[in-house]
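One structure is given below, encoded as structure tokens.
Since every read-out is calculated from the coordinates, none of them should be taken as a lab result. All values derive from a computational prediction rather than experimental measurement. Quick reminder, even Gly has a Cβ in these numbers, built from the backbone with ideal geometry, and neighbours come from all protein chains shown.
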Amino acid sequence: MKKLFCFLLACVLSFGCCACMETDDRVTINVYNWGQYISEGNDGCIDVIALFEEAYPNIRVNYVTFDSNETMYTKMAGGGITVDVIIPSDYMVGRLIEEGMLLELDFDNIPNYKYIDQRFRNTDYDPENKYSVPYTWGTVGIIYNSKYVDEEDVTGWELLWNEKYADKILMFDNSRDAFCITQCLLGYDINSTDPQEFLACAQKLAEQRPVVQQYIMDQVFDLMENEEAWIAPYYAGDYLTMADENEDLCFYLPEGQGFNTFIDAMCIPTCAKNKKEAETFINFLCDPEIAGGNMDWICYGTPLSAAKEYMDPEVVNDPVAYPDDEILDRGDGYIALPRSATRLMEELFMQVRNGIAVHLPKKYS
Amino acid sequence: MKKANRIITLLIFVFLYAPMAVLIIASFNVGKDITQFEGFTFQQYAEVFRDRSLLTLLGNSLIISVLASGIATAFGTVAAVGIQGLNPRMRRTVMSLTNIPMTNPDIVTGISLSLLFVFVGSKLLGQRDSLTFWTLLIAHITFNLPYVILNVMPKLKQMDRSLVEAAMDLGCTPLQSFFKVTLPEIMPGVLSGAIMAFTMSLDDFVISYFVTGLDFITLPVEIYNYTKKQLQPKIYAMFTMLFLLILVLMVIMNLLQLRQDKAKNGHRRG
Amino acid sequence: MKKNKSLLLSGPYIAWMVIFTLIPLCVVLFYALTDVDTGAFSFGNIENLVLYLPAFWRSILYSVVSALICLVIGYPVAYYMAHCRPTAQRFLYMLVMLPMCMSFLLRTLAWVGLLQDTGIINNFLEMLGLPRLSLIRTPGAVILGMVYNYLPYMILPLYAIIVKIDNRLIEAAEDLGCNSIQVFARVVLPLSMPGILSGVTMVFVPAVSTFYISNKLGSTDIVLIGDIIERQFKQGDNANMGAALSLLLMVLVFVCTGIMNRFGSDEEGGVLV
């Protein structure tokens, strides 16, 4: 055992040394993004980072991932790290702006910004277009399996409450998205902070709990593809990924009701060291050809219409991926809620998840 | 009795290895789903080697877990010997202290340690990037130590104290008596402590996520972050390769030990 | 002299633990006792804990059951291992530790693949013409996940202790007229107590705060405290509540291990507390 240990140690150390030896004089930028949220040469798609490093040989990309906006935020707020580019979602961009954690972008270094569609400029979370460049966007709708779900039941968000499909329904395990669905169903504003509305939403969610199989996030892929579950609210782009594996899956945006459209955007935080190189990277991702190739793998919507000519025409013409403008007008984006509202939402959601009678905490009643 | 034990042991090993068999089979699967085998391919293995970061991340994981478990084992074993010699009340206090990192949910340990590191690094030492490989190493050693202590302490308790005294009477220095008497006696405990520490390090993702800088990420952190899309099947291929690597290392080690034993026995007989 | 030496040996460890566990613990305490919005001193978080009590009991129940199952099935394995030929012992030891070296995330996902309604076991049953079982999203599945993950942490310390039990003691007991059950109950079991306590601690304590297993294998009804604490820090944006929850968890774990040690060892000290 001692020998083995020494041997292992030697291996590892030499490996480590080798790794250290290959330092170079390139500038390193730390890019901080969701896991599996950039095309890295899988499934025959382009390798965005390799292409970038080829195009800009003096820049090295250190690509690091996070699993949710909140863990990213905790890590950033904690400090002690250097991050040059982050790609959080809309409401988190709003919060980072509010807290002064983002740098203003120098758009002279991002000439490709001109390709960004008008619809994705002057967004609610960054009204003056100072801090962020959209990366992807998408809608939240319902994915269902047409083999098991009757067409007549497919109407609106009510489908998620339908007892006929008890135990085959999935629900977001994320208070904001779960509340958004009930807010749309009950006709409230999805950026409301009214405690009474929250309470009504939580009661609605509590009503749904008996028919829910599981509160999930990313496991949705396996569960839906295997037909372990039949109905799930999720992101349109992920539906396209799932539909490749199971042809019976369908997607719809509830008719006559609201829904959430999200945007994930690229920003430069205040702890960045290489702002100019970071802007170069953002600019590169806004190149229509690159963005097109990247979206072919991610399957989410691209905010650059110019990119569509480089993409799989089947996806571009798919009304799920790119719905008509009049449908999109029904959608609404998140903005950053006050922290007290986020907490109240989470507390109510935990009451629902724990099966406790839903009630507002003392300070609200 | 012995037969029943054998059957139970066999069943337990089936239980322990079934999920791993599933993953290994999945690594040869054409499809992405682990429940359906659609066809045989080596494609996923090619993907692993094509991937820019996976092997580096695996390397990082191995570096940190070997270093952290090695240091924690040495440190913990010495500490355990010391703790054993303390008076009972003191010992109880220290053992409660030992329990804390195990009890704390990972996310609490991770965040509170990172606060400490950033405070010391940025405020006291004035460093910009205070979270680095070293903070990761410290954190790993910290949560490894209890496992070493908990494995070594029972062995120390079981050990006959008079052996050490005898060795000392026969002229051993304390250091000699530790290496010649105590250490061989408690070796099984030290070993299982080292192994557990190693595996805790190799598998940790929550604490590592919060205490490491962005330039040194480990494999489990990356796998845990695969939330936007389905797991890439190349991960299964890497799992299989790691499995084989460890298996081969262990078999080699076993054979070496066997030869050594034989030589020793032969020598004794001769 | 001897005492000084002991202090010298354990001193660095104590210092290390004080710096890297006690100080962060104080941070946790500070968070738990301050209001999330105003940052003022408050017992609000502590009062709120009541809401989460069911999850606490559930977590403790699940991890106690898991620890006991690990003990019951791990003991025969450790015993069998300890009584094999040395070569076989080393081989078995290797087989026990190998699964621990492999990614826990992936192995848990493999269980999901095995247990789900359209999973491998159910597909197999269907092939044989048997009815499907609902395995996943049951309390059993969560316990299975815990047992699976932590079983080696039980077997290894048990083995390390049992292998050193002096066989002559057993023979002596047999000579004195004990039957095999008596030998086990009166000699082997008491002698393996330190290993049992270590093993149970190493299974129980991490299992209480686990979050990944219940998340993947449990149903909507099974919310464990580890999940909730995790959420408070992430989704809930409420580190203060999370801190209060983990503080209570720690107190409960200390009480549990304390009871266990009182009950488990008549020798002074025990392993913990």
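Here, chain B yields an orientationally averaged convex hull projection of 21.6 nm² when only Cα atoms define the hull. Translational diffusion coefficient, Stokes-Einstein: compute it for region C:148-273 using the Kirkwood radius over C-alpha pairs as Rh, at 20 °C and 1.002 mPa s, and state it as an integer in µm² s⁻¹. Taking Rh from Cα pairs, D becomes 124 µm²/s. Here the 3J(HN,Hα) profile of region A:184-198, calculated from phi with Karplus coefficients 6.51, -1.76 and 1.60 at θ = phi - 60°, is 5, 5, 8, x, 8, 6, 6, 10, 5, 10, 6, x, 5, 5, 4 Hz, Gly and Pro shown as x.
Amide H contacts of A:N226 (H built 1.01 Å from N, in plane; Pro and chain starts excluded): no residue 5 or more places away or on another chain comes under 5 Å. Each residue of region B:54-69 was assigned a 3J(HN,Hα) from its phi angle through the Karplus expression (A = 6.51, B = -1.76, C = 1.60, θ = phi - 60°), giving 3, 5, 4, 5, 4, x, 4, 4, 5, 4, 5, 6, 5, 4, 5, 6 Hz with x at Gly and Pro.
At 10 °C and 1.306 mPa s, grab the translational diffusion coefficient of chain A from Stokes-Einstein with a Kirkwood Rh over Cα pairs, rounded to a whole number in µm² per second. In µm²/s, the coefficient rounds to 72. For A:L102, the residues 5 or more places off, or on other chains, whose built amide H falls under 5 Å of its own are A:T270.
Over region C:25-151, the pair-distance histogram of Cα-Cα distances with 5 Å bins from zero comes to 2, 9, 11, 12, 13, 12, 13, 11, 7, 5, 4, 2, 1, 0 percent, rounded to whole numbers.
List the relative contact order of chain C as a percent without decimals, with contacts defined as Cα pairs under 8 Å and 6+ residues apart.
Values: 286 pairs, mean separation 70.7, N = 273.
Relative contact order for chain C comes out at 26 percent.
Computed as a quarter of the hull surface, the mean projected area of the alpha carbon convex hull for the protein assembly as shown stands at 40.1 nm². The HN-Hα couplings worked out from phi for region A:306-312 by the Karplus form 6.51 cos²θ - 1.76 cosθ + 1.60 (θ = phi - 60°) are 4, 6, 5, 5, 9, 9, 4 Hz, whole numbers, x standing for Gly and Pro. Looking at region A:71-149, the trypsin sites (Lys or Arg not before Pro) that sit in a DSSP loop and have at most 15 other Cβ atoms within 10 Å of their own Cβ are A:R121, A:K130, A:K147. Per residue, the convex hull spanned by the Cα atoms of region B:146-270 amounts to 170 cubic angstrom. Over region C:53-264, the pair-distance histogram of Cα-Cα distances with 5 Å bins from zero comes to 1, 7, 12, 14, 15, 15, 12, 10, 7, 4, 2, 1, 0, 0 percent, rounded to whole numbers.
When only alpha carbons are used to place a centre, region A:294-365 and region A:179-202 end up 14 Å from one another. Annotation: amide H-H contacts under 5 Å for A:Y125 (H modelled 1.01 Å from N, sequence separation of 5 or more, or interchain): none.
Three principal axis extents of region A:236-295 based on alpha-carbon atoms, in descending order, are 47, 27, 19 Å. Based on alpha-carbon centroids, what's the gap between region B:141-157 and region A:215-280 in Å, whole number please? Here the answer is 44 Å between Cα centres.
Counting only residues at least eight positions apart within a chain, or on another chain, the aspartates and glutamates with an alpha carbon under 19 Å from that of A:K362 are A:D194, A:E197, A:E346, A:E347, C:D35, C:D37, C:E47. Quick check: the distance between the Cα centres of region B:5-27 and region C:189-244, to the nearest angstrom? Answer, in whole Å: 25.
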